[in-house]
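Some notes on the structure that comes next.
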Amino acid sequence: MDKIVITGGNSLEGEIPIAGAKNAALPAFAATLLCPGEFRLSSVPDLVDINTTVSLLKEFGAVISKSLPNVYTVNTEKLSDVVASYDLVRTMRASVLVLGPLLARSGKAKISLPGGCAIGERPINLHLKGFEALGAKIKLEHGYVNAETPDGLHGAKIVFDIVTVTGTANVMMAATAAKGETVLENCAREPELVFLAKMLNKMGADIKGAGTHRIIINGGSELKPVDIGIMPDRVEAGTFLAAAAITGGHLKLTGCAPRDMEVVTEKLKETGCEISEGDDWVEIKGPKRPLPVDIETAPHPGFPTDMQAQLMAVMSIADGPSVITETIFENRYMHVAEMRRMGADITLKDKNAFVRGKISIYGASVMATDLRASASLVVAGLVADGITELRRVYHLDRGYQRIEEKLQKVGADIKRVSG
């Protein structure tokens, strides 16, 4: 099994291109199931989760080819099945996103209950309640969701009990086929949802309000395939910003969307980073030693939970104490034990992590517990004294496109080792 080996201490300098966003690409692939025809998706990141999604769509009968690097052609002219097996769905929670499109197009679907990172309870009951409001009949049997729409889908008013990104996306896709008007309240506002709505509207849907708490869908329009490029990955970009901050480096990130990362860049400015930006680039100069900051995660436009672990790594060497509060996922502090192995001084109490910054941390053998935890340990390893060995890097490969190669090009002493 592969591992990442990092010798810390190098200051990063150079330019890094940002890949397409995993969290935009996955629902985009799911959306191709909504209508027959040939789609072209470009700027698709080269990730394990993308490969899983491609395999999943092929199970339904989609014909998929990779014509150029990061460009996929998806032909959904004929769907031969509506069953998503446990073997694929268990590895990636986002697999549930095919449920809404399959119901919209085929009127039935059978999807294994999803898996993914073990960062906390992420039930799909909000998805299912939304589908039921649209007229679907749902049964949970033998670890599968069995759904059908005997009388078709119809418009409804749906209020999500809590903000849910995948739930909003899934129900929004299903509602494109519902007759009449659907109003979604307490919606997630993430940029990736705005991108999905843009794609669906380009396909012929009538969706208004994406990016706000209230989305209105006038369903029933005939949809058609589209050619679309995936938006930049704001979490990948944020991770490299954290890498520059912790090493006192100087990086320019290209092909990104600074407007989607403002809450992260503002926090990094508080740590002493100098940041400038254009329409599609961000430049950062890290401080000699970061200043401490307090962080509380929240749904967009708040501080993203997907950046909490990376900023904790930066705070581990800050000049003073910080408090990090995780409000989204109850198990998203599993990286703390591994950071302690590297000498970080972190105490957990309820939702809070009390981080007392140290002048230095040291390399150690550590184990990734989830996707963003693995990224945070890479960030920490870049500044640690000595050698850090990160194991279980399959978590890392789910969300980062060859992160070690990108870091090598800007001066990091990092490599992937097989076996």
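With the simple model of a label 7 Å out from the Cα in the direction of the Cβ, H142 to N186 spans 3.5 nm. Taking a ≥ b ≥ c as the square roots of the eigenvalues of the Cα gyration tensor, segment 22-229 is rounded, since a/c falls below 1.5.
So what is the relative contact order of segment 314-379, in percent, for Cα pairs below 8 Å that sit 6 or more residues apart?
Details: 98 pairs, mean separation 27.2, N = 66.
It rounds to 41 percent for segment 314-379.
Here's how it looks for D413: its modeled amide H is under 5 Å from those of T7, N10, which are all 5 or more places away or on a different chain.
Membrane-span-like helices in the chain (whole DSSP H runs, Cα extent of at least 24 Å along the helix axis, mean Kyte-Doolittle hydropathy of at least 1.6): none found. Taking square-rooted eigenvalues a ≥ b ≥ c of the alpha carbon gyration tensor, is segment 234-361 rounded, prolate or oblate, where a/c under 1.5 means rounded and, failing that, a/b exceeding b/c means prolate? Taking the square roots of the gyration eigenvalues as a ≥ b ≥ c, segment 234-361 is oblate. For segment 237-297, the square roots a ≥ b ≥ c of the C-alpha gyration tensor eigenvalues yield an a/c of 1.5 or more together with a/b not exceeding b/c, which makes the shape oblate. Full extension of the segment from Y394 to M1, taken as 0.36 nm per residue of separation minus the current Cα-Cα distance, would add 140.6 nm. Estimated from the Cβ-Cβ distance and a Förster radius of 30 angstrom, the FRET efficiency linking K66 and D413 is about 0.40.
Note on K269 and K351: the model spin-label points, each 7 Å out from Cα along the C-beta direction, lie 2.6 nm apart. In this structure, V159 and T73 have a Cβ-Cβ separation that, at R0 = 35 Å, corresponds to a calculated FRET efficiency of about 0.35. For segment 216-224, putting each phi into the Karplus relation 6.51 cos²θ - 1.76 cosθ + 1.60 with θ = phi - 60° gives couplings of 10, 10, 9, x, x, 6, 6, 9, 9 Hz, in residue order, rounded to whole numbers and with x for Gly and Pro.
Across A94, A243, A313, mean-square fluctuation computed from a Gaussian network of the chain (C-alpha pairs under 10 Å connected) peaks at A94. Charge tally for G37 (other residues, Cβ to Cβ under 9 Å; Lys, Arg +1; Asp, Glu -1): -1. In plain terms, the chain from S221 to S276 could stretch by 15.5 nm, reckoned as 0.36 nm per residue minus the Cα-Cα distance. Ignoring the sites themselves, the chain has its longest run without GluC sites (Glu not before Pro) in a DSSP loop having at most 11 other Cβ atoms within 10 Å at 223-419.
Each reported figure results from applying straightforward, stated rules to the coordinates on display, with no laboratory input. Keep in mind it's a predicted model, so treat the numbers as computed, not measured. Note that each Cβ is placed from the backbone with ideal geometry, even for glycine, and that neighbours are counted across all protein chains shown.
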